[in-house]
Every structure is written in structure tokens, then in C-alpha cells.
1. Quick one: which of 262, 300, 245, 266 is under 23 Å from the mean Cα position of the chain (by Cα) and more than 15 Å from residue 202 (Cβ to Cβ)?
2. Kindly check whether there is at least one residue in region 25-38 that is at pLDDT 95 or above and within 30 Å of residue 203 (Cα to Cα).
3. Would you check which residues across region 198-248 are closer than 15 Å to residue 73 by Cα and crowded, with 20+ Cβ neighbours inside 10 Å and list them?
4. Inspect region 325-348 for any residue being more than 26 Å from residue 413 (Cβ to Cβ), buried (at least 19 other Cβ atoms within 10 Å of the Cβ) and either within 26 Å of the chain's Cα centre (by Cα) or not small (Gly, Ala, Ser) (or both) and give the result as yes or no.
5. For region 464-475, does any single residue satisfy the condition of being within 26 Å of the chain's Cα centre (by Cα), among the aromatic types (Phe, Trp, Tyr), crowded, with 17+ Cβ neighbours inside 10 Å and not in a loop (DSSP other than H, G, I, E, B)?
6. Given the conditions (1) of a type outside the set (A, V, I, L, M, F, W, C); (2) closer than 30 Å to residue 260 by Cβ; (3) modelled with pLDDT under 95, which single one is not true for residue 423?
7. Suppose the filter is under 25 Å from residue 397 (Cα atoms) and part of a helix (DSSP H, G or I); does residue 528 pass it?
8. With closer than 30 Å to residue 449 by Cβ and out of contact with any Gly (no Cβ under 9 Å at 6 or more places or on another chain) as the only criterion, which of 494, 513 stands out?
Amino acid sequence: MHQYKAPLRDMRFLINEVLDYPAHYSSLPNGADATPEMVDAILEGAATLCEEVLAPLNASGDKEGCHLNDGVVTTPKGFKEAYAQFVAGGWQGLSFPEEYGGQGLPMSLNLFKSEMMGAANWAFTMYPGLSIGCINTLLQYGTDSIKSRYLPHLVSGEWSGTMCLTEPQCGTDLGQIKTRAEPQPNGSYVLTGTKIFISSGDHDLAENIIHIVLARLPGAPAGTRGISLFVVPKWVVAADGTVGARNGVNTGSLEHKMGINANATAVLNFDGAIGTLIGEPNKGLEAMFTFMNTARIGTAIQGVAHAELSFQGALPYALERRSMRALSGKKEPDQVADALIWHPDVRRMLLTQKAVAEGGRAMVYAAAQIADKMFLAGQTGDQAAYAKFDNELGFYTPILKGFLTEMGLEAANLGMQVFGGHGYIGEHGMEQIARDARISTLYEGTTGIQALDLLGRKVLLGSKGKCVRDFSGTVLRFAKPHALNRGAIGGMARTLVRRTAQWNLLTTLIMLRASKDREQVGSSSVDYLMYSGFVMMGYFWALQAAKATELLASGTGKESAEFYTAKIQTAEFYFARLLPRADAHYSAALAPARSVMQMKASSFLMA
């Protein structure tokens, strides 16, 4: 079975050369300590943790799973010790304020760490990963009392966090939630209800688990306008931070899942659980979006992580496994057959995985620079700056979550395909990657929900297409200086100029059609999201190819020259083989809603 190796060379290429993170960090008030030397030390330390501690537990954790006995949840063998190492290393507090025990570094550094952890062991990564959204929510909406009570322990990693949204009768439609919160004379609330699909909902890794819970107050308006947000600890926490009795939160069961078996996805019963209101009454959904957006970017990382892990598993097999002879003649005449790597279709699959992993990484890292600025503005109270960066990141978020998880799942399946029948059995670990990746397109909002968020809320209603025009302007500022050049970069630049014009035309046409038929948004949205993702990834591949070309021309060592050449060639593959898929999504997005909606519901039941 293959072992994960952190892709530090590619990460450094993006951080130091393509996206110029050193200049980015020097512009941030909290970036002074994020020197190139410090960043490199963090990357190396995280890589060691992931390669030596987390990755060896990935397969065994999947096989063993979590256990619920007499109301107590235990994680697989080795997880508790690994989590203790994670906490001892101070990894949870990397990017959180020093006043709560964190290191105060930019948020993006935490993202780099999370990508490596996610590829090494996604199920483990979810335990501290859910805490990040919990911390961000409390930082932005919690009172000073709430912050002092919970944040030091959450930031250290001694405690972990969850978000509790979904209930048996509702998934995405949170307007249907029934969990009740009754106010008490002392200012607290008593919550009663059931939440399902709660990732990391109960476990034995942390001393306490802090649940962020959506519930209704008495007399609250119906629908989403009547939802409030509460912090509910597993063990009651007094005002001075001391831990008391067990709260009325119990694990009803653990979900039996297709993948991520080593993460305890729980059904939680709140039976008279004591909680504290976060933010204003009946405005809980707004506050919860802080958590959800954090989780959605985290899930986008899952797409990248599983593409990377599957590629790392498939490549050695393609180099070693021998089958038939290459169509152009024997490549390894002294062997019984040629290696799989010589067959064009195997290369197509490997290059697709590589293009998705490295192109997706660039997209996420670019978005992380916006997140750095947004979170800093939120902490300093600069509402105008926060709104600006929030809108910018809000445009990226559904594309990253929807597109990258769909492509990450495809890459995971391609990894199985490279192995042939051996990919379907558990021995090589490829089928686990595909099983673990499958959830990524579902939780934190399905691809369809992300698509509605992008097209409906962000593009049409929120900005009347301005967010697309703004991003197009960024693409054009890069592309136009290269468009007259000969060679690969010139061709990519001209393609991007055409695609951005097409993207804006597509937006306008859908907007016009939606004004006459409201179903058009829903019928076009997923194809619109995928079109947007392919074009956005194309831009980031062209950026990488242009920088690699520049660095090659300036002279470099043999190893770096091979790396930069491979970058350019992967970009050429993307533009030749993957970006053309955008044409099909363009055509499908413009198909009339009638093609989807005309059939009677009863007709689906007819044999």
C-alpha cells in the first residue's frame, strides 16, 4: 500500500513563486512573523506529522472505525495518541489570536497544514477541522464572556467543536428545524431536539466538545427568519471556565457510512441541554454561515487532497505494473511487457489527476489570501473591508466547494481505474480514497446547493453579474499582455480572453431567460458552476505555466527545469483535454428549463 508524501515542492512553487505569499504576508499586520523561513519550518513540521503520524493510521482507522458502547464513543487505535501529538505541537492554534493562546499567524498557514493533513488522513483531520469553524464563529459573534470561557481551550485543541444543523426531517432546508431553546431566568437556554449527520459529534480525543447548534426560541417566526444560534458544551462550562457536570447531550447512534469510517458521525440528542445564545435572537443562520463557509472551503481542500492522494497511489503502480506493449513499439524490450505509463489512456488518467490536484491547490491558495484579509478585518472591526473581502471570497467559495469536490471525486475514481481490478479491492487503498471522497460533494451543501448559491445568490441577485465581471477583469489583466505571444502561453492567454467573454455572455443570457422563467436558474445552475470552475482553473493553470516559463528562461538546475517543464506540459494538457468540457456545460446551461420540468411527476413512476 502506498504512503502519503507531502507535495512540498509544488506547495512552495505556489507560495513563493506564483502567488508571492512573502509579499502578501509582509502586507498583513499579523504577517510579520510569517517569514519565508518560518513558513518553510511550518510546512516541514506539518509534513512530518502527516507522513509519520497521521498517514499510517489512515487505512487501519478505516478498517476499525469508531465504536459506541454504553453511550461512550471511542475512535480507532492510535487516533487518541496522534491527537495528543497534534495538540502538543500547537497545531490547532497556528492562525488564531495570541490572546486566546494561539500563534496569531495568517489563516492561510492553517490551510496549508490542513491540506497535508487531509490528504494523509481525512477522517482524523475532520476532528480538529470542525473546531476551526467553531472558533471562527465564536470569534466573530461571541460575547467577551463566551470567548474567554471557550476559546482558550478550543484554540489549544484540548476541546473540539462541531456544528449541529441537520435534523431527521430536513437537510439543507433549515427552515424546517424543530429543535427548541427555552430561555431560563439566569439567562441560559435549555435545548431539546435531535440533530443528525454531526461530523466529529462525539469522541474520546478531546476533554470537551463544544457544539454550535441551530434552534428556535418560543414564538420565533417561521422558516429561516426564526432560527437562533447557541453554544452547547458536552460538559457544562461555568462562567470562570471550570468544567462541571455532563450536559444533556447524548449520542443516540453512529451513522453507518460508505467512507470516512474513522470519523464519528453522530446522531445527537439534546435533552434539556444547557446552552448560551450566540449573536442576536432569530439571526442564527447569518452567524452560522461563518461556520459553514469555513467548512465549505475545508471541503474544497478535500477535493484537492483526495486527488493528490489518489495520484500518489496511481503513479507508482503505472510505473511498475506491466501490461502489453506500447502502440508505437516496445519501450522496455528487456521486460515481459511495457509499464502502464506508456499507454496514452493511462497517461490521460494520471494527467487528469495531476491537473486537478495542482490546479485546485492553486485555486484554494489564491482564495486563502482573500481569507487572510477578511478574517483580519473581522477581528479588527473594519466592517467595510470585511464586506469587500467577504463578497470576493463568497464568489470563490461555491466554485471551490462544488467544482473541486466533483473533480476530486473523478480523480479518486481514476486512481482506481489505473489499478484496474486491483483498484476495487482494499489491498492497495485506492477504493478507500474513492469512498472517502464521495461525501465531499454531499456535505456542507450538495453540488446543486453550491450551484444555486453561486448563480442565484452571488451572481444574479447579489451582484447582477458584477462578481463575474470583476474576476474576468483579473483574468484579462493577466491574459492580455501574453495574448500576442507565440507558443503555449500565448495560446492559453487567447483562450482565456475568449472564455471570459463567453462567461459573461452566459451570465447575461441566463439572467434574461430567468426573468421570464424562474425555473431557469435551477435548471442551469450546476452546469453554470462547472463552467465557472473549468474557466477559473484554466486561469490558475495559465498563471503557473507563465511563471514556470519565466523561471526556465532565467536558468535553473536540472531538477527544477524538469519540474517547471512538467508544469507547462500539464497546463497544456488541461487546456487541450479538460477545459473543452466547458463547452458542453455552456450549451447545457442555456438549454430551456422546459427540458427538465415538462414531465409530469406521475410520469416518473410509469414503467
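1. Result: 300 is the single residue among 262, 300, 245, 266 that is under 23 Å from the mean Cα position of the chain (by Cα) and more than 15 Å from residue 202 (Cβ to Cβ).
2. no
3. 198, 199, 200, 201, 202, 203, 205, 206, 209, 234
4. From region 325-348, those more than 26 Å from residue 413 (Cβ to Cβ) are 325, 328-336; that's our starting set.
Subsequent filtering for residues that are buried (at least 19 other Cβ atoms within 10 Å of the Cβ) retains none.
So far as region 325-348 goes, no, none of its residues is more than 26 Å from residue 413 (Cβ to Cβ), buried (at least 19 other Cβ atoms within 10 Å of the Cβ) and either within 26 Å of the chain's Cα centre (by Cα) or not small (Gly, Ala, Ser) (or both).
5. Initially, region 464-475 is screened for residues within 26 Å of the chain's Cα centre (by Cα), giving 465-475.
Still in the running and among the aromatic types (Phe, Trp, Tyr): 471.
Next cut, crowded, with 17+ Cβ neighbours inside 10 Å only: 471.
Subset that is not in a loop (DSSP other than H, G, I, E, B): 471.
Among the residues of region 464-475, at least one is within 26 Å of the chain's Cα centre (by Cα), among the aromatic types (Phe, Trp, Tyr), crowded, with 17+ Cβ neighbours inside 10 Å and not in a loop (DSSP other than H, G, I, E, B), which makes the answer yes.
6. (3)
7. yes
8. Just a single option satisfies the conditions, and that option is 513.
The values are calculated or read from the model by the stated rules, or taken from the named source; none is laboratory data. A quick note: this is a predicted structure, and the numbers were derived from the prediction, not measured. As a convention, Cβ positions derive from the backbone with ideal geometry for all residues, glycine included, and neighbour counts pool all protein chains shown.
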